[in-house]
Amino acid sequence: MEKIAVIEDDVLLNRALTIMLQKEGYTVLSAFNCREGEKILEEHPSLLLLDIGLPDGNGMEFCHYAVKRMGIPVLFLTAKDEEIDIIRGFDAGCEDYIVKPFSADILKRRIDVALRRKRGTNLFQIGDLQVDIDKKQLFVRGRQVKVTAKEYQLLECFMQNRGQVLTKEVLLQKLWDMNGIFVEENTLFVTIGRLRKKVEENPSDPIYIKTVYGIGYIFGDV
């Protein structure tokens, strides 16, 4: 399980980020200032979410230390939106620069990108699930699970559109109707049912592939 460090002096935001990341399946190391931050970096997190304006130091300097000395990629989360601040952030070595207020979904995707870049692989992760896009493999709680080509395509489509409702028509078109071949909705239902049995602990009460009645499906946050 990957560790993400959060150094943010806003107590409510720090807590909200911690809860969100834990729901995504990460171990979270939380700090509210540079002094506490230095201690949690000793646990070698995979990624650091960092505010610039910290009460006991400069986030830019801390970023430089984390990147150059510790080899930990940094995503700035800051209210500083001037061009010069953004340039300084990247000069300090940050992986990405995100201005407050920000969308939680966008932050999750930028975290995904930063971690995949660090791993050197095109890997999506949510909760207990990992999908290796390059190798077309699914892992559930660290164990590889065999899936058919259509099941894999369906899962990849869900993960790449996480948090968005996908209608039955869209899924049928994306996965089966690329060549103008008509497929009945029952084919989609059966494929989703098989996939749920492989990724859900309780397929009758799914936490990943959720039904939006009368519309379609959503790959939900856990």
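Brief remarks on what is shown
- For the chain, built as a Gaussian network whose Cα springs stay under 10 Å, the top-fluctuating residue of G57, G25, G127: G57
- Surface exposure of segment 6-54, expressed per residue as accessible area with a 1.4 Å probe, stands at 43 Å².
- The chain - percent relative contact order, Cα under 8 Å, separation 6 or more: 13 percent
- Of K135/K210; K136/K198; K150/K198; K68/K100; K3/K135, pairs whose Cα-Cα distance is over 19 Å: K135/K210; K68/K100; K3/K135
- Solvent-accessible surface (1.4 Å probe) assigned to T167 amounts to roughly 40 Å².
- Inverse of mean 1/r across different Cα pairs in the chain, Kirkwood, Å: 19.0 Å
- Positive-end residue, segment 1-55 charge dipole about Cα centroid, Cβ charges, pick of N33, L12, L50: L12
- Positive-end residue of L172, G89, V113, charge dipole of the chain with Cβ unit charges: L172
- Distances between placed amide hydrogens fall under 5 Å for E200 paired with no residue 5 or more residues away or on another chain.
- Average Cα contact separation per residue, segment 123-222, under 8 Å, 6 or more apart, as relative contact order %: 26 percent
- Nonpolar atom fraction for the chain, defined as the carbon and sulfur part of the 1.4 Å probe accessible area, stands at 50 percent.
- Sorted largest first by accessible area at a 1.4 angstrom probe radius, with every protein chain in place, the residues D91, D9 fall in the order D91, D9.
- C-alpha long axis of helix 149-160 to longest principal axis of the chain, angle in °: 40 degrees
- Electrostatic dipole magnitude of the chain [Cβ: Lys, Arg +1; Asp, Glu -1; Cα centre; debye, to 20]: 1000 debye
- Remark: segment 95-106, residue by residue, has Karplus-estimated 3J(HN,Hα) of 7, 7, 10, 10, 8, 6, x, 9, 7, 4, 5, 5 Hz, where x stands for each Gly or Pro and the curve is 6.51 cos²θ - 1.76 cosθ + 1.60 at θ = phi - 60°.
- Amide proton proximity set for L49, modelled H, under 5 Å, gap of 5+: A5, V6, I7, L75
- On the principal axes of its alpha carbon atoms, segment 5-73 extends 29, 23, 15 Å, with the longest extent given first.
- Heavy-atom surface of segment 128-222, accessible at 1.4 Å and reported per residue (Å²): 58 Å²
The values are calculated or read from the model by the stated rules, or taken from the named source; none is laboratory data. Treat the numbers as computed from the prediction; the structure is a model and nothing was measured. Methodologically, a virtual Cβ is constructed for each residue, glycine included, from the backbone with ideal geometry; neighbour enumeration extends over all protein chains shown. Protein only, heavy atoms only, side chains kept; ligands, DNA and RNA dropped before computing areas. Shrake-Rupley method; radii C 1.70, N 1.55, O 1.52, S 1.80 Å.
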